[in-house]
Amino acid sequence: MQDQTGDRKTMLEKTFDPAACEARLYTQWEKSGLFEAHPEASGDAYSIMFPPPNVTGTLHFGHALDFVLQDILIRWKRLEGANVLWQPGTDHAGIATQMVVERVLDKEGISRKEMGREKFVERVWEWKEQSGGQIIRQLRTLGASADWGRERFTMDDGLSRAVRDVFVTLYQQGLIYRAKRLVNWDPAFRSAISDLEVENKETKGSMWYLRYPVEGGGTIVVGTTRPETMLGDTAVAVHPEDERYTALIGQYVTLPLTGRRIPIVADTYSDPEKGSGAVKITPGHDFNDFEVGKRHDLPMPNILDEAAAIWLDEIASELRDIDGLSSIAFVRSLEGIDRLEARKRIVEELERLEHIEKIEPHTLQVPYAERGGAIVEPRLTEQWYCDAATLAQPAIKPSKTAAYASSRSNGRTPILPGCAISSPGASAVSSGGGIVFPHGTALKIVFLLHAVKKRLLNRLVRSLAQK
């Protein structure tokens, strides 16, 4: 097409094709330094740090929403003249990365255990260099205006050193401590995992009702969905007001198979309306039983190793041979056997000895590791914890004030200046020095802050160990 002077004009396409211009414009913006932060420049400081996406992942809608909202805030503040930094970075995603690399090794016919730790870690780093940038490339395609020259990785030397410094400081302040407690244990990856990484699935199983002989005569019946854990029982609990068992409180039973002697204790955890009303207590392998064990100062032996196979070291000295009741040889034959196979053998032996009163179909929630799919085992291990309850205290008072204000503000909750629970997204709707949250949010924050007790730090410690 030509105009009246004879010059050629470029025709506009009928429909806009973003792919034809976005990559070119993004490259121009980045080369011109529009995304770069300059700490020495004028203007109020404003920064957002990436919630670091996993290097194993690809961009999903959650990432897209989160990073677009951050980008809006960053660009808005730049236009206002603020001194802006949008700090990019990625996370090492320990278990997810291990899974991916192990799958690669399986295709090559190589075992992680045969390789050894050092060689395996080298392969993990190789894989990170090859594949770790996928989600960053997607964010660039999305148009994220982060300062990419400052991109960091959670296992970088500088970041690991900073984490160690903070760890030591918090330990010296008594805010980080080591304790032996029950954790969600993934026997496939041999690692503690958080509650968020556990998926409970409804499963059809069985409830076994077992007869435990009471010293002096008679038996008491307990129900269990995991007969293999009876090896680690340290008590039988009954409700203090359950008249059926009042006379038995303080007496002892002898465990079938092991011959171990354990007490009958009174505890409100036992529900008289549920099952037989008597509960076997295995503090080393059940979260509720762990609390009962603490209340009654019970032993807490482990009877499963890191791979969820039978382990007898902590009960071996208590094993006894009792005719028709227990056999050291049988219990020894279970050592090293997977928990599910051990369950079958234990049930068969209990049936042979006639210590099973009945078996009923039972639907239960079975915890699975979200990533690897293994059945999660509550396991007593020594781990590092953070005293999150103490760290939450500075945020509790302002959140209580906000919750009170919510009841007087027709559904809008102003958070007072200095409140530690503000967020970049909330800043976008700030007005007059106070941030406005939807009705009820502050009340939820107060509840969550009071519910905070401890935070497991095993991932952090493992990452530091790798450095």
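The values are calculated or read from the model by the stated rules, or taken from the named source; none is laboratory data. Note that the structure is a prediction, hence the values are computed from the model and not measured. No Cβ is skipped: glycine too gets one built from the backbone with ideal geometry, and neighbour counts run over all protein chains shown.
Do you know which of the residues in region 290-318 that are closer than 13 Å to Leu257 by Cβ and under 27 Å from the mean Cα position of the chain (by Cα) is surrounded by the fewest Cβ atoms within 10 Å (Cβ to Cβ)?
This residue is Ile310.
Would you check if there is a residue in region 191-202 being in a loop (DSSP other than H, G, I, E, B), modelled with pLDDT under 90 and not basic (Lys, Arg)?
yes
Out of all the residues in region 359-381, which are touching a strand residue (DSSP E or B) at 6+ places or on another chain (Cβ under 7 Å) and either charged (D, E, K, R) or not in a strand (DSSP E or B) (or both)?
Glu360, Glu370, Gly372, Ala374, Val376, Glu377, Arg379
Condition test on Trp208, is it surrounded by 13 or more Cβ atoms within 10 Å (Cβ to Cβ) and in contact with a Ser or Thr (Cβ under 6 Å, 6 or more places away or on another chain)?
yes
Looking at (1) hydroxyl-bearing (Ser, Thr, Tyr); (2) surrounded by 21 or more Cβ atoms within 10 Å (Cβ to Cβ); (3) assigned to a loop (DSSP other than H, G, I, E, B), can you tell me which one Thr229 breaks?
(3)
Here is a yes/no grid of residues against (1) surrounded by 13 or more Cβ atoms within 10 Å (Cβ to Cβ); (2) out of contact with any helix residue (DSSP H, G or I) (no Cβ under 6 Å at 6 or more places or on another chain); (3) in a loop (DSSP other than H, G, I, E, B); (4) modelled with pLDDT under 80:
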{"residue": "Gly109", "(1), (2), (3), (4)": "no, yes, yes, no"}
{"residue": "Glu114", "(1), (2), (3), (4)": "no, yes, no, no"}
{"residue": "Glu118", "(1), (2), (3), (4)": "no, yes, no, no"}
{"residue": "Arg123", "(1), (2), (3), (4)": "yes, no, no, no"}
{"residue": "Trp127", "(1), (2), (3), (4)": "yes, no, no, yes"}
{"residue": "Ile136", "(1), (2), (3), (4)": "yes, yes, no, no"}
{"residue": "Ala146", "(1), (2), (3), (4)": "yes, yes, yes, no"}
{"residue": "Gly149", "(1), (2), (3), (4)": "no, yes, no, no"}
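State the number of residues belonging to region 347-364 that are modelled with pLDDT of 95 or more and either hydroxyl-bearing (Ser, Thr, Tyr) or farther than 14 Å from Tyr209 by Cβ (or both).
4
Of the residues that sit in region 41-83 and are among the β-branched types (Val, Ile, Thr) and not in a helix (DSSP H, G or I), which one is nearest to Val104 (Cα to Cα)?
Only one residue fits best here, namely Thr56.
Does region 207-219 contain any residue that is assigned to a strand (DSSP E or B), among the acidic types (Asp, Glu) and at pLDDT 90 or above?
The answer is no, given that none of the residues of region 207-219 is assigned to a strand (DSSP E or B), among the acidic types (Asp, Glu) and at pLDDT 90 or above.
Given the conditions (1) in contact with a Leu (Cβ under 7 Å, 6 or more places away or on another chain); (2) more than 20 Å from Ser191 (Cβ to Cβ), and given that Leu334 satisfies all but one, which numbered condition is not satisfied?
Going through the list (1) in contact with a Leu (Cβ under 7 Å, 6 or more places away or on another chain); (2) more than 20 Å from Ser191 (Cβ to Cβ), Leu334 breaks only (1).
Just for region 20-44: of the residues that are surrounded by 12 or more Cβ atoms within 10 Å (Cβ to Cβ) and under 13 Å from Arg140 (Cα atoms), which one is modelled with the highest pLDDT?
The extreme case among them is Phe35.
Determine if region 247-263 includes at least one residue that is among the β-branched types (Val, Ile, Thr), under 30 Å from Gly372 (Cα atoms) and in contact with an Asp or Glu (Cβ under 9 Å, 6 or more places away or on another chain).
The answer is no, given that none of the residues of region 247-263 is among the β-branched types (Val, Ile, Thr), under 30 Å from Gly372 (Cα atoms) and in contact with an Asp or Glu (Cβ under 9 Å, 6 or more places away or on another chain).
Do you know which residues across region 232-252 are in contact with a Gly (Cβ under 6 Å, 6 or more places away or on another chain) and either assigned to a helix (DSSP H, G or I) or among the hydrophobic types (A, V, I, L, M, F, W, C) (or both)?
Of all residues in region 232-252, those in contact with a Gly (Cβ under 6 Å, 6 or more places away or on another chain) come to 232, 242.
Once the filter is applied, which keeps residues that are in contact with a Gly (Cβ under 6 Å, 6 or more places away or on another chain) and either assigned to a helix (DSSP H, G or I) or among the hydrophobic types (A, V, I, L, M, F, W, C) (or both), region 232-252 yields only Gly232.
Evaluate the following for Ser326: is it in contact with a Leu (Cβ under 6 Å, 6 or more places away or on another chain) and under 18 Å from Thr258 (Cα atoms)?
The answer is yes for Ser326.
Filter region 319-342 for residues that are part of a loop (DSSP other than H, G, I, E, B), surrounded by 16 or more Cβ atoms within 10 Å (Cβ to Cβ) and either out of contact with any Lys or Arg (no Cβ under 9 Å at 6 or more places or on another chain) or not hydrophobic (A, V, I, L, M, F, W, C) (or both) and give the result.
Selection gives Leu325, Ser327.
Name the single residue that is surrounded by the fewest Cβ atoms within 10 Å (Cβ to Cβ) among those in region 160-190 being hydroxyl-bearing (Ser, Thr, Tyr) and either in a helix (DSSP H, G or I) or at pLDDT 90 or above (or both).
Thr169
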